[in-house]
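Contents: one structure, followed by commentary.
Just so it is clear, none of the values below were taken in a lab; they were calculated from the coordinates. Since this is a predicted model, take the numbers as computed values, not measurements. Cβ sites come from the backbone with ideal geometry, for glycine too, and all protein chains shown count toward neighbours.
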Amino acid sequence: MDISRTFNFMQQDKDWVVKLLIVGLISLIPVIGPLYLAGWMMEISKRTELGRENMLPDVDFATYIKYGLKYWVVNLIYSIPIFLVSMSVSFCSSVLLTSDNAFLNFVGFIFVLLLSVLNMLLAVAIYGLTYASYIRVMNNGTIQSGLDFEIIFTMVRENFREFLILIGMGIVYGFVASLGFIVCCVGILFTAPFASAAIANLIGQLSTKICNGPVSQSKPVAAAKPSEPVQPVQVTVPAEGEIGPDRGTILDRAVDTIEDAVEPT
């Protein structure tokens, strides 16, 4: 993966600053903003996969909220283990560490320490799995594909080094995003979408490698030929109907219902 490429690909679009600021403003909208940002990132990842990263996506509420909603559902499910461990740490802290018994305090301290380490390791593992599920949802268009745990685990195992790099760069990009708030609160309107676009590009690079590997059940992605001019057309995630009726789940149908409400009449 080419990390330097994640910082300069946006500049190929002459309107890249304006587009990032627009996404930064949209991301401030409660509920809708984070969903839009996630879908916008998925579009960038897909364009990177197709070799069409020279143009940042234009505004498209209906499409990107659809993408973001599906990924949000998958991400919420993967967050359950971290939530359970965090609740266990809080419970042990409140019961054992506040006891008047010195022995119970010692046991509680050791137990909370072990759970905290477990929670940190679990968070790293979940980050890797959610990135893999992101790629699956992007390439297949369904929630079910992001919850195919056997394929997800295989993807991470077979590309362990790349996922570690992705997790590490995710932390770096998170720091870059926070710089706009630290230096000037208004600056986050630029730094947050900039960091999001950068990590999306890196995910797209990893997806290209995975889609050409044996662990993926997605159709191979054909990159655009460098010699051919690439038009700034919209790249969309395949709809469920294009994948087959057996791909749908209750969650997918629920999201479809919400999508119908989002689409303009």
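Observations on the structure shown:
- Sites F91 and V59 - FRET efficiency at Förster radius 41 Å, r taken between beta-carbons, to 0.05: 0.35
- Extension gain (nm, one decimal) between I165 and V18, 0.36 nm per residue minus Cα-Cα: 50.0 nm
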